[in-house]
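To keep things clear, I will list the structure first and then write my remarks on it.
The values are calculated or read from the model by the stated rules, or taken from the named source; none is laboratory data. Keep in mind that what you see is a predicted model, and the values were worked out from it rather than measured. Every residue, glycine as well, gets a Cβ built from its backbone with ideal geometry; the counts of neighbours run over all protein chains shown.
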Amino acid sequence: MDELIYGFFNFIGSLFCHQIPERTLTIGGRLLPLCARDTGIYTGFAICMIYLAIKERYRADKMPKLNITIIICTLMIPMMLDAVSSFLGMRETNNLIRLFTGVFFGAALPVFLIPLGNFKPHGVNQTESVKGIRELAGLYLAVAAAAAAVYIGLVPYAVVSAWSIAAVIFLLYGICAAAAKSMGFDRKHAACLLFAVACGLLYAVRKCLPN
Amino acid sequence: MQVRKCRYCGVDIAADYENCPFCGERVVSPEPVGETGANNNETGGVPVGEPQRDGPDGYKDPEQLSFEELTDAETGQSERREDKNDAGNRAGTVKDEGPTVCHVESAAGTILNQPLTNGLKVFLTALTVLMPGVGPIIGIICAVVFMNSEVDADRRSFGQALLITALAIFALACISCFGIAMVLTALKEAPGRWMS
């Protein structure tokens with residue numbers, strides 16, 4: 001049973017991530033299904049979603065204030081700098097940096113995506129996704145604590161893999177739903193269809209590339 | 001009753017007048033906007049947001065009158081009309097403690113109330129799409145500002161579109177990086193198999 005779950009996580013992860021072993025964290029002797037940076041991004045995404053759900057902001061329809069937006073956007077920049085500078089060979093990076101910069105990047109996405117999904121351009125939008133600096137600090141503390149727990153190995157392999165893969169699927173489905181909505185199709189059915197097509201395309205690309 | 005001279009036209013007027021009833025000029029020096037409430041409370045005047053516009057004899061400063069009030073004055077009507085769409089301009093007038101402040105606030109309100117031009121929209125979209133890394137960040141910040149705008153729906157809908165564009169560019173960049181990393185890794189590890 002364990003091998004089945006491990007294989008499932010690895011298969012889904014292989015559709016979205018390069019899974020290079022040197023860049024992947026290990027928990028309990030097993031490589032995670034996503035690389036350190038992707039694990040960080042989707043961990044941040046998942047923790048932020050949980051945080052906003054606890055705060056009952058899953059129906060938020062208003063963007064955060066400008067100062068909060070600037071802070072969030074500033075925290076997204078380190079991941080981009082880390083990725084670009086290491087890719088160009090300007091400096092060396094490691095899994096700890098990849099994980100933490102990825103977490104701060106991923107945590108920003110639901111703060112914008114949830115209000116974007118509920119936003120009414122011609123109506124009244126009242127509920128902000130993040131209401132103040134204190135809430136934002138709480139969110140990033142929770143996210144950083146989760147990243148530290150993942151890095152140390154306090155969180156079991158199955159839990160980390162489950163929330164990472166769930167975040168990946170949720171994000172892909174969300175993109176498909178937004179695309180279906182913008183094309184004017186029936187949201188649910190068209191989103192499912194697009195999701196299936198996207199998964200098929202990813203699988204085809206994966207099969208074309210050598211392991 | 002205490003009397004003083006108007007410094008503009010030289011006519012004797014009552015000391016408690018804020019504006020000269022003859023030339024219309026303001027005869028008291030402007031005070032900072034933040035102190036308005038305190039002064040009003042001390043003098044038992046009207047609260048902030050509804051300053052005393054009328055002189056003791058019912059005189060109104062023409063500079064402080066809105067278009068509707070001027071029209072009403074001309075037609076002899078004294079009823080005040082409430083226009084919610086003109087709230088920004090009215091706020092600029094109401095907070096006024098001097099002509100300069102009034103004009104600056106009115107100008108700012110006019111600029112902020114203007115609809116976005118097509119040129120600005122194209123510029124922001126191009127900046128978001130074409131400038132890697134920083135462009136989407138700027139796009140997100142601008143989009144949030146526009147989406148939080150309470151002035152018009154055009155700004156909000158453009159902000160929504162700009163945010164979708166910025167996030168899509170982020171997603172495309174990530175997918176591209178993933179693809180490049182996969183291909184480079186494949187080339188490095190098994191060049192023969194990849195070429196065949």
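Do we have any residue at all in the range A:200-211 that's in contact with a Lys or Arg (Cβ under 9 Å, 6 or more places away or on another chain) and without any contact (Cβ under 8 Å) to a residue 40 or more places away in the chain? Within the range A:200-211, one or more residues are in contact with a Lys or Arg (Cβ under 9 Å, 6 or more places away or on another chain) and without any contact (Cβ under 8 Å) to a residue 40 or more places away in the chain.
Within the span defined as the range A:59-67, every residue fails to be among the small types (Gly, Ala, Ser) and out of contact with any strand residue (DSSP E or B) (no Cβ under 9 Å at 6 or more places or on another chain). Does A:GLY29 fit the bill of being surrounded by fewer than 19 Cβ atoms within 10 Å (Cβ to Cβ), more than 13 Å from chain B (Cβ to nearest Cβ) and free of Cβ contacts under 8 Å to residues at least 24 places away in the same chain? In short, yes. Of the set (1) modelled with pLDDT of 90 or more; (2) more than 15 Å from A:VAL111 (Cβ to Cβ); (3) assigned to a loop (DSSP other than H, G, I, E, B), all apply to A:GLN19 but (1).
The rows are residues; the columns are (1) part of a helix (DSSP H, G or I); (2) surrounded by 14 or more Cβ atoms within 10 Å (Cβ to Cβ); (3) out of contact with any Ser or Thr (no Cβ under 7 Å at 6 or more places or on another chain).
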residue: A:ILE12; (1), (2), (3): yes, yes, yes
residue: A:PRO33; (1), (2), (3): no, yes, no
residue: A:TYR42; (1), (2), (3): yes, yes, no
residue: A:ILE47; (1), (2), (3): yes, yes, yes
residue: A:LEU52; (1), (2), (3): yes, yes, no
residue: A:ARG57; (1), (2), (3): no, yes, no
residue: A:ALA60; (1), (2), (3): no, yes, no
residue: A:PRO64; (1), (2), (3): no, yes, no
residue: A:ILE72; (1), (2), (3): yes, yes, yes
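Going by the structure shown, is A:GLU92 modelled with pLDDT under 90, in a helix (DSSP H, G or I) and of a type outside the set (S, T, N, Q)?
Values: modelled with pLDDT under 90: yes; in a helix (DSSP H, G or I): no; of a type outside the set (S, T, N, Q): yes.
It is false that A:GLU92 is modelled with pLDDT under 90, in a helix (DSSP H, G or I) and of a type outside the set (S, T, N, Q).
Remark: pairs (first residue in the range A:105-119, at positive phi; second residue assigned to a helix (DSSP H, G or I); Cβ separation under 7 Å; 6+ apart in sequence or on different chains) are absent. In the range A:102-114, the count of residues that are exposed (fewer than 15 other Cβ atoms within 10 Å of the Cβ) and part of a helix (DSSP H, G or I) is zero.
In the range B:118-147, what count of residues is obtained for those that are within 7 Å of chain A (Cβ to nearest Cβ) and over 22 Å from A:SER182 (Cβ atoms)?
So in the range B:118-147, the residues within 7 Å of chain A (Cβ to nearest Cβ) come out as B:133, B:137, B:140-141, B:144-145, B:147.
Pick out the ones that are also over 22 Å from A:SER182 (Cβ atoms) and you get B:133, B:137, B:141, B:145.
Adding up the residues that qualify gives 4.
Across the range A:115-133, the qualifying residues are those that are touching an Asp or Glu at 6+ places or on another chain (Cβ under 8 Å) and either buried (at least 23 other Cβ atoms within 10 Å of the Cβ) or charged (D, E, K, R) (or both), and the one among them that is nearest to A:PHE45 (Cα to Cα) is A:PRO115.
Only one residue in A:ASP82, A:ASP38 is crowded, with 22+ Cβ neighbours inside 10 Å and over 16 Å from A:VAL155 (Cα atoms), so which one is that? So that I can check it myself, show each step before the final result.
On the way: A:ASP82 fails: crowded, with 22+ Cβ neighbours inside 10 Å.
None of the other options fit; the residue is A:ASP38.
In this structure, B:THR110 does not qualify as modelled with pLDDT under 80, surrounded by 15 or more Cβ atoms within 10 Å (Cβ to Cβ) and out of contact with any helix residue (DSSP H, G or I) (no Cβ under 7 Å at 6 or more places or on another chain). Cβ separations smaller than 8 Å between residues 6+ apart or across chains give the following pairs from the range A:10-21 residues that are within 12 Å of chain B (Cβ to nearest Cβ) to residues that are among the aromatic types (Phe, Trp, Tyr): A:LEU15/A:TYR203; A:PHE16/B:PHE178; A:CYS17/B:PHE178; A:HIS18/B:PHE178.
Residues satisfying the criterion are present in the range A:41-55 (criterion: more than 13 Å from chain B (Cβ to nearest Cβ) and either in contact with an Asp or Glu (Cβ under 7 Å, 6 or more places away or on another chain) or at pLDDT below 90 (or both)).
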